[in-house]
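Quick note: the coordinates plus some simple rules give every number you see, no bench work behind them. The structure presented is a predicted model; accordingly, all values stated were derived computationally and were not measured. Methodologically, a virtual Cβ is constructed for each residue, glycine included, from the backbone with ideal geometry; neighbour enumeration extends over all protein chains shown.
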Amino acid sequence: MERPLTVGQLARATGVLAKTIRYYEQVGVLPMPQRSGAGYRQYSRHDVHRLLFMRRARALGLSLAKLKALTAELDSGECLTMRPRLYELVTEQLRTVQQQIAEFHVLERQLAQVLERLQTTAPTSHADGCQCLGSETSEA
């Protein structure tokens with residue numbers, strides 16, 4: 001039988017902070033581990049692989065709620081049965097990121113226009129306040 005890992009060893013093996021591991025357990029994303037007679041958490045190699053999977057999913061932007069549902073599926077079956085759900089979640093996340101990129105491009109153009117106006121137009125006095133960030137063209 002393999003020797004169980006402590007929370008610190010699990011953290012080093014996965015690159016996930018021990019504090020984060022304990023939080024994942026608290027919110028139910030990770031199952032509560034077995035405890036030693038002295039009360040220390042005990043993890044297996046399976047927990048290492050599970051946490052590495054979770055770390056990658058979080059890096060891809062999946063929310064904790066989605067991750068919780070996904071890891072519940074991971075516990076109940078094999079990778080093949082989970083693939084369609086994972087495909088759906090990653091596709092949804094990709095669409096979200098693509099939308100955010102499009103919105104950032106609009107923001108980038110707006111910021112560039114404001115900077116150009118600030119550099120090329122002379123300051124004027126306005127009775128109804130500063131118009132420095134006013135928009136001649138409305139892009140939303």
Quiz item: Using alpha-carbon pairs under 8 Å, 6+ residues apart, how would you state the relative contact order of the chain in percent?
Solution: 17 percent
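As a test of the formula, what do you get for the chain when each DSSP H run with n ≥ 4 contributes -39,500 (n - 2.57) and the sum is divided by the residue count, at 222 nm and rounded to the nearest 500 deg cm²/dmol?
-21000 deg cm²/dmol
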Quiz prompt | Amide H contacts under 5 Å for Ser44, placed H, 5+ residues apart | solution = Leu5
Self-check item: Option label - Kirkwood radius over Cα pairs in Å computed here, alternatives [x] 15.5; [y] 19.2; [z] 18.5
Solution: [y]
Quiz prompt | the stretch 63-108: GluC sites (Glu not before Pro) falling in loop per DSSP and having at most 12 other Cβ within 10 Å | solution = Glu78
Quiz item: What's the local net charge at Leu115, with K and R +1, D and E -1, over the other residues with C-beta under 12 Å away?
Solution: 0
Quiz item: If you take the charge dipole of the stretch 9-69 about its Cα centre, with +1 on Lys and Arg Cβ and -1 on Asp and Glu Cβ, which of Gly61, Met32, Gly15 is farthest toward its positive end?
Solution: Gly61
Quiz item: Based on Cβ point charges of +1 for Lys and Arg and -1 for Asp and Glu, what charge dipole magnitude is obtained for the chain about its Cα centre, in debye rounded to the nearest 20?
Solution: 1020 debye
Quiz item: If you plug each phi of the stretch 29-34 into the Karplus form 6.51 cos²θ - 1.76 cosθ + 1.60 with θ = phi - 60°, what whole-Hz ³J(HN,Hα) values come out, in order, with x for Gly and Pro?
Solution: 7, 10, x, 5, x, 5
